[in-house]
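Inspection log for the structure reproduced underneath, given as structure tokens.
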Amino acid sequence: MYSLNARELPAEGAVLTVVRDRTEELRRELSEREFVSNAAHELRNPIAGISGSVEVLLAGAKDDPEARDHFLMRLSEDAERISRLTESLLVLARIEAVGESGVESLDVALAVEEATEAVAAPEDVATAIEVASDLAATGDRALLRQVLIGLLTNAYKNTPPPGQVTVRALQEADGSVRIEVEDTGTGIAPEEVDRVFERFYRGTGSLEKEGFGLGLSIARRMVDVMGGEVGVRSEPGAGSTFWIRLRAARPAATPVA
């Protein structure tokens with residue numbers, strides 16, 4: 001969308017017309033409104049659950065040990081859901097405030113090692129690592145570690161046993177580094193592949209069914225902050241491969257004589 005402003009200039013008959021493209025500005029405004037609306041919707045359900053459980057307990061369920069325990073468990077689950085959503089929103093806010101100022105040369109193998117050690121693989125799901133020890137890229141090690149933890153968690157969750165999750169990294173011809181998390185799991189439907197990184201998108205199949213649909217959007221934003229790219233290729237029933245591309249490692253500064 002374009003906005004058009006016209007003003008008359010001092011010179012007789014002269015008019016200055018300024019055309020400004022507001023498409024991106026309006027897109028951001030719409031995205032922000034949708035984000036607030038979605039966040040409110042996600043909070044509404046657990047809040048309603050807490051309110052309902054309290055009402056039932058006060059109405060007499062507190063005097064029945066079995067019913068009391070049931071509704072106390074529901075209260076705990078709804079409170080935990082609100083806590084997780086709030087933490088995810090805070091993570092997004094912190095990432096938005098960071099920018100690219102913190103990126104530097106990072107050890108890819110070390111980030112992969114830390115991530116794989118932080119996530120426990122399910123029983124009968126193997127983990128394979130194919131990463132050269134001297135591979136370096138431009139980014140933030142803590143952010144990359146968090147991205148990989150999220151991708152590994154998704155991969156394990158969607159890979160029924162017996163199966164395998166493979167983490168590999170390679171250097172491409174332009175010096176950039178491509179990191180992949182490949183699973184042998186359920187895969188993603190073609191109509192969902194282009195939407196999996198949207199905020200609050202949970203899909204109808206395998207992705208984030210029990211979450212808020214924020215995990216992959218947070219991962220994408222972290223990669224954006226590092227100046228990289230993220231994507232996925234998948235086929236239903238044949239597994240998925242989530243990939244990250246980071247810029248080539250910055251050369252070390254030359255000491256001043």
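Every read-out reported here was derived from the displayed coordinates using simple, explicitly stated rules and does not represent laboratory data. Not measured: the values here are computed from a predicted model. Virtual Cβ from ideal backbone geometry, glycine too; neighbours counted across all protein chains shown.
Which whole-number percent is the relative contact order of the stretch 87-169 (Cα, under 8 Å, 6+ apart)? Intermediate values should be presented prior to the final figure.
Working: 96 pairs, mean separation 33.0, N = 83.
Once divided by the residue count of the stretch 87-169, the mean separation gives 40 percent.
Each residue, S133 and A48, gets one label point 7 Å from its Cα in the Cβ direction; the gap between the two is 5.7 nm.
A crude spin-label estimate for the pair D224 and L170, with each label 7 Å from Cα along the Cβ direction, gives 2.9 nm. Most tightly packed first, judged by the mean number of other beta-carbon atoms within 10 Å of their residues, the peptides 155-168, 128-141 read 155-168, 128-141.
Ranked by the mean number of other Cβ atoms within 10 Å of their residues, highest first, the peptides 235-246, 79-90, 62-73 come out as 235-246, 79-90, 62-73.
Give the value in nm², to one decimal: projected area of the alpha carbon convex hull of the stretch 122-249, averaged over all directions.
Values: hull surface 30.6 nm².
Answer in nm², one decimal: 7.6.
One quarter of the surface of the convex hull around the alpha-carbon atoms of the stretch 75-156 equals 6.9 nm², the direction-averaged projected area. In order along the stretch 83-92, phi translates into HN-Hα couplings of 4, 5, 5, 4, 5, 4, 5, 5, 4, 4 Hz, rounded to whole numbers, per the Karplus curve 6.51 cos²θ - 1.76 cosθ + 1.60 with θ = phi - 60° and x for Gly and Pro. Here the Karplus curve 6.51 cos²θ - 1.76 cosθ + 1.60, taken at θ = phi - 60°, turns the phi angles of the stretch 104-111 into couplings of 7, 6, 10, 8, 5, 4, 5, 4 Hz, with x standing for Gly and Pro. Find out how many positive minus negative residues lie around G49, taking Lys and Arg as positive, Asp and Glu as negative, among other residues whose Cβ is under 10 Å from that of G49. After counting each charged neighbour, the total is +1. For V165, list long-range residues whose amide hydrogen, built 1.01 Å from N in the peptide plane, is under 5 Å from its own amide hydrogen. Residues meeting the amide H criterion: A126, T127, A128.
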